[in-house]
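All of the numbers you see were taken from the coordinates with simple rules; none came from a lab. These numbers were taken from a predicted model, which means no experiment stands behind them. Note: ideal-geometry Cβ built from the backbone for every residue, glycine included; neighbour counts use all protein chains shown.
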Amino acid sequence: MRDIPRMNIDATGLRIGMVTSAYHEEITARMREAAITAFVEAGGQEDDLYEVAAPGAFELVVLADALARKDLDGVVVLGCVIKGDTMHDQYICNSTSQMLAHISFEHEIPVGFGLLTLFSKEQGMDRAGGEKGNKGEETMNAVIATALGLQAIEEDLPDAALRHLEEDDLDEDESEEEYEYEVVEEYEDGEEAPEEELEYEEEEA
C-alpha cells in the first residue's frame, strides 16, 4: 500500500452527504462501509451522514449536485467503472469526473471523487479493502480535510465584498466628522439674532 499524506482530520460537527453507485455492488459496498467507518472514527455522528444510492456511475452526477445544494459540509461520491469491449467506460468516466469537479467549484463545497476506473474486478477488490487500501476511506478523509480547510479560510479571511463595505462605511464616518459644522444666524455686527426675529423673517419670506 502506498503512503498517504497524514492530515489532522476531525469530523466533529460536520454534515456529509454520500452517494454510492449500486453497480458493481460487491466493490462499492465495501467502499461505502469504509467511508462510514472513517467518518465515525474521525468524530462524526452517523446521524450527520446523509446517504443516497445511485443506479450507476453516470447517475452519481445529478445526485451529487442535489446534495451539494443542501446544508452540508461536503459530498462523498463512490462508484466503480470497469472497462469492457467498447469505449463506454471512457465516456462515462470523462463526463462524470468533469461534472463532479464543476459541481464542487460551482457550489464551493468539497466533492470527493471515489469513482474507481478499472480494467478488472480484481483491481477493484484491491482498492476496496485489499492491498491497495480502500478508496472509500480515502475519499471520506479527503472531504473532511477539505471541509475543514474551507472553514478555516472563512474564519481567517474576511469576505472581500464585506471588507470593502466596511472600508466604505469608515470613509463616510470620517468624512462626516471632518465636515461637521453649525449654521448660526448673525446680525451684521456679529451678534446672534434672537429666535423671535428669525421666526418673523421666515414668516415674511
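How fast does region 1-80 diffuse by Stokes-Einstein, in µm²/s, taking the Kirkwood radius from C-alpha pairs at 37 °C and 0.692 mPa s?
Rounded to a whole number, D works out at 248 µm²/s.
Once each part is reduced to its C-alpha centroid, what is the distance from region 131-161 to region 36-61 in angstrom?
When both Cα centres are located, 15 Å separates them.
If R0 is 35 Å, what FRET efficiency do you get for L157 and Y91 from their C-beta distance, rounded to 0.05?
Between L157 and Y91 the formula returns 0.30.
Restricting to bridges with both residues inside region 16-156, how much of the DSSP beta-bridge set is antiparallel, in percent to the nearest 5?
Of those bridges, close to 10 percent are antiparallel.
So for each of 40-50, 136-146 I average, over its residues, the number of other beta carbons within 10 Å; can you give me the resulting order with the highest mean first?
My ranking of the peptides, most packed first, is 136-146, 40-50.
In nm, what is the difference between 0.36 nm times the number of residues separating E46 and K132 and their Cα-Cα distance?
Roughly 28.3 nm would be gained on extension.
Enter the mean projected area of the convex hull around the alpha-carbon atoms of region 16-156, in nm², rounded to one decimal.
Over all viewing directions, region 16-156 projects a mean Cα-hull area of 8.2 nm².
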